[in-house]
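Since the structure comes first, as structure tokens, the remarks are kept for the end.
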Amino acid sequence: QKEVEQDPGPLSVPEGAIVSLNCTYSNSAFQYFMWYRQYSRKGPELLMYTYSSGNKEDGRFTAQVDKSSKYISLFIRDSQPSDSATYLCAMSGRDDKIIFGKGTRLHILP
Amino acid sequence: GAVVSQHPSRVICKSGTSVKIECRSLDFQATTMFWYRQFPKQSLMLMATSNEGSKATYEQGVEKDKFLINHASLTLSTLTVTSAHPEDSSFYICSARSDRGIYEQYFGPGTRLTVT
């Protein structure tokens, strides 16, 4: 079993819809959880981060962590065509090494 | 956020030659730098971690004699792919982290290496 599982998509949704992106993980030592956005042929940029369980909201983005289920989510409200990108979940434990999911390719259709 | 640059952005080289990729943190001091490799539609795979002035720590399966990493200063790290082969063709991304914590890790734009 891979440490981090993420559906690669692609996921296509109409503009204005709510997008739900998810990852599962197996390592219970993970305590830092992050979401990165990566445009084609660019490096990833940090979108959201949370520590341990709970929710965090930033504008149209909401990150959720459920440590009991080893499941994390990113919600995007009022999705825009500019949100089209690959979204990578990432997590880390005490060793500070960041482990990435494969990334989900998201297409927002105008 | 902080800025990390990489140079070159794209390089094509012949099999058997060596290629050097530079990673610079432009507006902060990076106590730790990381090198990743990303194949199409795949995740970022950590190759090695380097701290300024120390030898790099390589992940399992990464040949340290083939991928030479030098972290000479708090703003510069280099990755040299020695005796490159077509299977080394990939997207190489560096990231730099300050001493302010795990979230303060910023990625470069990546270097596309093609070995012919």
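The values are calculated or read from the model by the stated rules, or taken from the named source; none is laboratory data. None of the values given here were measured: they were computed from a predicted structure. Quick reminder, even Gly has a Cβ in these numbers, built from the backbone with ideal geometry, and neighbours come from all protein chains shown.
Can you name the number of the only condition in (1) in a strand (DSSP E or B); (2) of a type in the set (Gly, Ala, Ser); (3) over 23 Å from B:Val3 (Cβ atoms) that B:Ser77 fails?
Against the list (1) in a strand (DSSP E or B); (2) of a type in the set (Gly, Ala, Ser); (3) over 23 Å from B:Val3 (Cβ atoms), B:Ser77 comes up short only on (3).
Within region A:58-70, is there a residue that is within 14 Å of chain B (Cβ to nearest Cβ) and among the aromatic types (Phe, Trp, Tyr)?
So far as region A:58-70 goes, no, none of its residues is within 14 Å of chain B (Cβ to nearest Cβ) and among the aromatic types (Phe, Trp, Tyr).
Take the residues in region A:37-59 that are among the aliphatic types (A, V, I, L, M) and touching a residue at least 24 places away in the same chain (Cβ under 8 Å), then tell me which one is surrounded by the most Cβ atoms within 10 Å (Cβ to Cβ).
Ranking the qualifying residues of region A:37-59, first place goes to A:Met48.
Could you check region B:11-31 and list, in sequence order, the residues that are surrounded by fewer than 21 Cβ atoms within 10 Å (Cβ to Cβ) and within 12 Å of chain A (Cβ to nearest Cβ)?
Once the filter is applied, which keeps residues that are surrounded by fewer than 21 Cβ atoms within 10 Å (Cβ to Cβ) and within 12 Å of chain A (Cβ to nearest Cβ), region B:11-31 yields only B:Thr31.
Of all residues in region B:1-10, which are within 10 Å of chain A (Cβ to nearest Cβ), of a type outside the set (Ser, Thr, Tyr) and farther than 14 Å from B:Ser95 by Cα?
Result: B:Arg10, single match.
Would you say B:Met47 is assigned to a strand (DSSP E or B), over 20 Å from B:His85 (Cβ atoms) and aliphatic (A, V, I, L, M)?
Considered against the rule, which asks whether it is assigned to a strand (DSSP E or B), over 20 Å from B:His85 (Cβ atoms) and aliphatic (A, V, I, L, M), B:Met47 comes out as no.
Here is a list: B:Phe39, B:Phe107, B:Phe28. Which entry is at pLDDT below 95 and within 12 Å of the chain's Cα centre (by Cα)?
Of B:Phe39, B:Phe107, B:Phe28, the one residue that is at pLDDT below 95 and within 12 Å of the chain's Cα centre (by Cα) is B:Phe107.
Out of all the residues in region A:12-20, is one or more closer than 23 Å to A:Asp58 by Cβ, crowded, with 19+ Cβ neighbours inside 10 Å, hydrophobic (A, V, I, L, M, F, W, C) and touching a Cys at 6+ places or on another chain (Cβ under 8 Å)?
no
Looking for something away from chain B (no Cβ under 14 Å) and aliphatic (A, V, I, L, M) - is there at least one such residue anywhere in region A:37-49?
No: zero hits.
Which of the residues belonging to region A:25-36 are part of a strand (DSSP E or B) and either in contact (Cβ under 8 Å) with a residue 60 or more places away in the chain or away from chain B (no Cβ under 14 Å) (or both)?
Of everything in region A:25-36, those that are part of a strand (DSSP E or B) and either in contact (Cβ under 8 Å) with a residue 60 or more places away in the chain or away from chain B (no Cβ under 14 Å) (or both) turn out to be A:Tyr25, A:Tyr32, A:Met34, A:Tyr36.
How about region B:75-116: which of its residues are surrounded by 16 or more Cβ atoms within 10 Å (Cβ to Cβ), within 14 Å of another protein chain (Cβ to nearest Cβ) and in contact with a helix residue (DSSP H, G or I) (Cβ under 9 Å, 6 or more places away or on another chain)?
Within region B:75-116, just B:Leu113 meets the criteria.
It is to be established whether one or more residues within region B:43-55 are at pLDDT 95 or above and either surrounded by fewer than 18 Cβ atoms within 10 Å (Cβ to Cβ) or of a type in the set (D, E, K, R) (or both).
no
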